[in-house]
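Okay, structure first, notes after.
The values are calculated or read from the model by the stated rules, or taken from the named source; none is laboratory data. Model, not experiment: these values are computed from the prediction. We place every Cβ from the backbone using ideal geometry, glycine too, and count neighbours over all the protein chains shown. Side chains are part of the model used for accessible areas, which takes the heavy atoms of the whole protein and leaves out ligands, DNA and RNA. Shrake-Rupley method; radii C 1.70, N 1.55, O 1.52, S 1.80 Å.
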Amino acid sequence: MPIEFSFTPDQDAFRAAARSFIQKEIAPVVVEMDEKEEFPAASVRRMQEEGYFGIPIPEAYGGLGLGKVGYCIFLEELGKVDASHGVIVGAHTSLAETPLLYYGTEDQKRRWLIPAARGEKLLAFSLTEPGSGSDSGAVRTLAEPRGEGWVLTGNKIYVSNGREAGTIVVLAANDVRLGPNGGVTAFVVDTDVAGFKVGRCEKKMGLHGTSTAELVLDHVELGPECVLGDVGKGFSVAMTSLDVGRVSLGAASLGGIESALHGSLEFSKSRTQFGQPISEYQAIQFKLADMAMRAQALRLLVYHAAAHQDRMGTDPTAWGRRERAEKTREASIVKCLASEWADEVIDEALQIHGGLGYIRGTPIERAYRDARISKIFEGTNEIQRLVISRDLIARGW
Ligand SMILES: Cc1cc2nc3c(=O)[nH]c(=O)nc-3n(C[C@H](O)[C@H](O)[C@H](O)COP(=O)(O)OP(=O)(O)OC[C@H]3O[C@@H](n4cnc5c(N)ncnc54)[C@H](O)[C@@H]3O)c2cc1C
């Protein structure tokens with residue numbers, strides 16, 4: 001696998017355009033969004049209009065055609081300013097557009113992917129249930145065959161974008177005895193279908209701009225065209241989406257780290273104690289150095305993994321076992337390191353800011369609350385370590 005990586009002039013131009021868009025349209029709304037705990041509908045609308053809800057989707061399906069590298073560039077830039085917006089884009093793109101692009105039929109792509117990539121419809125992804133979190137193959141939402149179609153019954157929880165989405169990729173059990181090996185199927189569910197209801201929306205420590213919703217599926221009738229991928233193969237569909245999600249989560253964490261580093265540098269040069277800027281103290285200098293080491297290493301990891309996913313293409317039937325396992329291990333490594341480094345760096349940045357870092361409404365205080373979830377969602381870091389170690393034991397280093 002090649003190690004070299006550099007951005008093309010087009011990718012650099014995309015980053016510059018995204019950065020100025022984010023400064024103009026997103027930065028001004030985040031403090032109020034966080035305080036009011038409101039979904040940022042107007043700035044989401046602007047991102048949709050600019051095509052930012054279809055960055056890695058080919059132009060033929062309504063997207064910008066910029067691949068995973070372009071997508072990570074956007075999430076990195078977004079991560080410098082606000083994590084909630086990143087999660088709204090990520091749940092839609094990584095977790096719901098990916099399965100439509102990789103596993104959807106042409107009809108499904110036309111019906112669901114194109115409007116999503118064009119920004120006409122928001123998507124979500126629903127795997128987690130009250131009894132099935134890390135053990136994600138143990139879903140109990142039932143998918144029962146009826147005629148040519150299916151009837152879905154059960155409760156889902158913790159769905160990002162669940163309150164606002166027009167279409168949701170839902171994982172349900174076609175056979176609970178089989179579990180992940182043949183017993184789970186992915187379905188595309190339009191939220192205006194009879195029997196579908198949004199339940200409780202959680203109050204959270206951070207990510208105040210995102211909804212985290214319960215879904216109630218009460219005998220939701222779906223046609224055969226709503227099955228995404230093969231019946232019984234939904235676990236692979238979900239894992240493919242999570243591989244993309246984990247790398248893009250790494251990009252968002254990278255943005256958070258870079259922003260914490262930048263803020264700490266500025267603050268430490270301007271804050272004077274004992275007659276000199278605190279940046280003159282070695283205790284502070286070493287913290288800054290540790291932050292920079294993490295930022296630089298993570299940048300390489302994220303874009304290496306994103307470029308690898310771009311090279312692999314979007315047809316899972318073309319992947320060999322080894323290639324698939326390498327991609328999954330790499331995504332878990334990126335997710336695990338990125339979320340832990342972001343947590344550590346943001347904590348140290350808060351320390352550098354002293355009491356000010358603890359005051360409600362400062363960027364570092366919000367970043368501290370927002371960052372914590374990254375060690376939990378898209379698979380906890382304990383689960384990432386299981387994935388990595390199992391693959392090491394099976395295939396070696
Ligand atoms: C804000 C937010 C947004 C979310 N968005 C989505 C979404 O859009 N869609 C969706 O489907 N889900 C979503 N989730 C759910 C999220 O992915 C799960 O919370 C996560 O996978 C962990 O599951 P759990 O909460 O049930 O914890 P549990 O699985 O109950 O884990 C509890 C603890 O036990 C540990 N543990 C469990 N099994 C093992 C094991 N075998 N070995 C070692 N340790 C283990 C875990 O690592 C953890 O520390 C979201 C959650 C939150 C909080």
(message) Criterion first (without any contact (Cβ under 8 Å) to a residue 60 or more places away in the chain and acidic (Asp, Glu)) does Glu32 satisfy it?
(response) yes
(request) Please note which strands (runs of 3 or more DSSP E) are completely contained in region 66-168 and include at least 3 residues that are within 16 Å of the ligand (Cβ to nearest atom) and surrounded by 18 or more Cβ atoms within 10 Å (Cβ to Cβ). (result) 123-126, 149-160
(request) Identify, from the list Thr272, Thr210, the residue that is among the β-branched types (Val, Ile, Thr) and more than 30 Å from Glu129 (Cβ to Cβ). (result) Thr272
(message) Condition first: under 14 Å from the mean Cα position of the chain (by Cα) and small (Gly, Ala, Ser). Now tell me which residues in region 229-255 satisfy that.
(response) Ala238, Ser241, Gly245, Ser248, Gly250, Ala251, Ala252, Ser253, Gly255
(request) Working carefully through the options Glu221, Glu323, find the one that is part of a strand (DSSP E or B) and not assigned by TED's automatic domain parsing to the domain that holds Ile57. (result) Glu221
(request) Could you tell me whether any residue of region 51-62 is open to solvent by 60 Å² or more (accessible area, probe 1.4 Å) and in a helix (DSSP H, G or I)? (result) yes
(request) Specify the residue that is farthest from the ligand (Cβ to nearest atom); the eligible residues are those in region 376-397 that are open to solvent by less than 50 Å² (accessible area, probe 1.4 Å) and part of a helix (DSSP H, G or I). (result) Asp391
(message) Taking the criterion of being surrounded by fewer than 20 Cβ atoms within 10 Å (Cβ to Cβ) and within 15 Å of the ligand (Cβ to nearest atom), would at least one residue in region 170-179 satisfy it?
(response) yes
(message) Can you confirm whether Gly313 is assigned by TED's automatic domain parsing to the domain that holds Arg271 and open to solvent by less than 30 Å² (accessible area, probe 1.4 Å)?
(response) yes
(message) Would you confirm whether or not region 211-221 contains a residue that is open to solvent by less than 50 Å² (accessible area, probe 1.4 Å), more than 30 Å from Val151 (Cα to Cα) and of a type in the set (Ser, Thr, Tyr)?
(response) no
